[in-house]
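Just below is one structure, and these are the notes that go with it.
The values are calculated or read from the model by the stated rules, or taken from the named source; none is laboratory data. All values derive from a computational prediction rather than experimental measurement. Cβ: placed from backbone, ideal geometry, glycine included. Neighbour counts: every protein chain shown.
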């Protein structure tokens, strides 16, 4: 005898490109949408009874139809509209819509922005997650694959040493990471503070004198909370992209913090959630 302890299903990686056309210029929106539903679907799993099983192909079609009927901006509103629609489908008890945005930059011709030509901006993505359930609505924004590096103003010293420690202390090193950050909006507000939060994260990374990646994470998250009263907490993941000083002494050369080898693995991984005390 078995029971379904938990279940979820949906449509993943729905690729959606929406072009907003005006006489003067076109605006490009490049999105990947995930739809996930939870609820009383036990009979689908146990008995093969599909009468309550909304086809995932229908979910995909709904995404495209809503994009045409309602537009996709602001993205949090688009995500909430989809989540509200799916949450109303019995026997759904929880609908989660996750949207990743893939930014494009408008090309310039003769130093003038082109009305309908674009270049993709690397791997950076902006994310939105809206959950609708019996308890109401939660909204999270985020950014991922935001790669940053600074060539100085970062140190690491004073850490414990034992018989296995070989890492030397350093007063000055390269600090590089790929930022993943998510934040929760107060009271399920459907707002979009991502540009302001992104600016706070980047400005703090650049200006903060880092004594550890942990300290920099806290400073960046705190700056985002200070900048945007609409958010209650920030969760960040900072993999330390190590740049190791190359020993050039075998070649009779010094290396005054100029020549490094960039390593991908293994890497330090620093993660934390920073929350308002007054939330």
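Summary of computed values
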{"read-out": "Qualifying residue in region 154-167 (condition: in contact with a helix residue (DSSP H, G or I) (Cβ under 9 Å, 6 or more places away or on another chain) and assigned to a strand (DSSP E or B))", "value": "yes"}
{"read-out": "From the options 137, 163, 144, residue that is over 24 Å from residue 215 (Cβ atoms), touching a strand residue (DSSP E or B) at 6+ places or on another chain (Cβ under 9 Å) and either outside the structural domain of residue 109 (by TED's automatic domain parsing) or surrounded by 12 or more Cβ atoms within 10 Å (Cβ to Cβ) (or both)", "value": "137"}
{"read-out": "Within region 11-20, considering residues that are without any contact (Cβ under 8 Å) to a residue 40 or more places away in the chain and within 22 Å of the chain's Cα centre (by Cα), the one surrounded by the fewest Cβ atoms within 10 Å (Cβ to Cβ)", "value": "13"}
{"read-out": "Residue match in region 168-180 (condition: exposed (fewer than 13 other Cβ atoms within 10 Å of the Cβ) and assigned to a helix (DSSP H, G or I))", "value": "no"}
{"read-out": "Only listed residue being surrounded by 14 or more Cβ atoms within 10 Å (Cβ to Cβ), touching a residue at least 12 places away in the same chain (Cβ under 8 Å) and more than 17 Å from the chain's Cα centre (by Cα), chosen from 200, 219, 224, 262", "value": "219"}
{"read-out": "Among residues of region 32-62, those that are surrounded by fewer than 18 Cβ atoms within 10 Å (Cβ to Cβ), part of a loop (DSSP other than H, G, I, E, B) and in contact (Cβ under 8 Å) with a residue 12 or more places away in the chain, counted", "value": "3"}
{"read-out": "Output for region 92-114, where each listed residue is in contact (Cβ under 8 Å) with a residue 12 or more places away in the chain and surrounded by fewer than 14 Cβ atoms within 10 Å (Cβ to Cβ)", "value": "105, 107, 113"}
{"read-out": "Qualifying residue in region 63-73 (condition: surrounded by fewer than 17 Cβ atoms within 10 Å (Cβ to Cβ), under 20 Å from residue 17 (Cα atoms) and more than 26 Å from the chain's Cα centre (by Cα))", "value": "yes"}
{"read-out": "Out of 204, 232, 216, sole residue that is in a helix (DSSP H, G or I) and in contact with a strand residue (DSSP E or B) (Cβ under 7 Å, 6 or more places away or on another chain)", "value": "216"}
{"read-out": "Count - residues of region 66-95 that are touching a helix residue (DSSP H, G or I) at 6+ places or on another chain (Cβ under 7 Å) and part of a strand (DSSP E or B)", "value": "2"}
{"read-out": "Residue match in region 21-31 (condition: at pLDDT below 95, loosely packed, with under 13 Cβ neighbours inside 10 Å and assigned to a strand (DSSP E or B))", "value": "yes"}
{"read-out": "Strands (runs of 3 or more DSSP E) within region 102-145 that include 1 or more residues at pLDDT below 95 and within 20 Å of residue 24 (Cβ to Cβ)", "value": "104-109, 112-120"}
